[in-house]
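Note sheet for the following structure.
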Amino acid sequence: QVQLVVSGGGLVQAGGSLRLTCAASGRTSSIVTMAWFRQAPGKEREFVAAKSWSDVSTRYADSVKGRFTISRDNAKNTAFLQMNSLKPEDTAVYYCAARREGSSIMYTEYSYWGQGTQVTVSS
């Protein structure tokens, strides 16, 4: 099993930055892809970014390209989501996810989930 613990998040003004951290523990050697998703009130969970170690590919939702960066510290089994130039529409609960296969934008294809963290961007 894999456990994911998310930290970071909070309240920030539009244009500001936040950094989310996702620490993995357990059978971390089985993880191929780590990703971030978000869910706003009344909306479906949506893909934000994913990074696969099998082919070093990185994927981003169009809405965050150029503003968000996903990265990973292999030695610490930790993934990060650096969020810059935040907009009010980025307000959501953000989740970290992991899977044993290559990257996917479908949240249903991820086996492991961390707890959500609230990100609120004020205008």
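Here, each number is a calculation from the coordinates, and none is a lab measurement. Here the structure is a predicted model, which means the values were calculated and not measured.
Given bins 5 angstrom wide, list per bin the percent of all Cα-Cα distances in segment 50-121, short to long.
It works out to 3, 14, 24, 29, 20, 9, 2, in whole percents.
With just the Cα atoms defining each centre, how far is segment 1-38 from segment 68-123? Give it in Å.
Each part's Cα centre sits 5 Å from the other's.
With springs connecting C-alpha atoms under 10 Å apart, model the chain as a Gaussian network and identify which of LEU86, LEU20, LEU11 has the largest mean-square fluctuation.
Result for the chain, Cα springs under 10 Å: LEU11 fluctuates most.
May I ask you to list the aspartates and glutamates whose Cα is less than 16 Å away from that of LYS65, ignoring any residue fewer than eight positions away on the same chain?
Of all the aspartates and glutamates, those that pass the test against LYS65 - Cα under 16 Å, at least 8 places apart if same chain - are GLU46, GLU89, ASP90.
Taking all pairs of distinct Cα atoms, average 1/r, flip it, and tell me the Kirkwood hydrodynamic radius of segment 24-83 in Å to one decimal place.
Final number for the Kirkwood radius of segment 24-83 is 12.4 Å.
Counting pairs of alpha carbon atoms under 8 Å apart in space and at least six apart in sequence, what relative contact order in percent does the chain give?
Relative contact order, the chain: 37 percent.
Enter the mean projected area of the convex hull around the alpha-carbon atoms of the chain, in nm², rounded to one decimal.
Mean projected area of the Cα convex hull: 6.8 nm².
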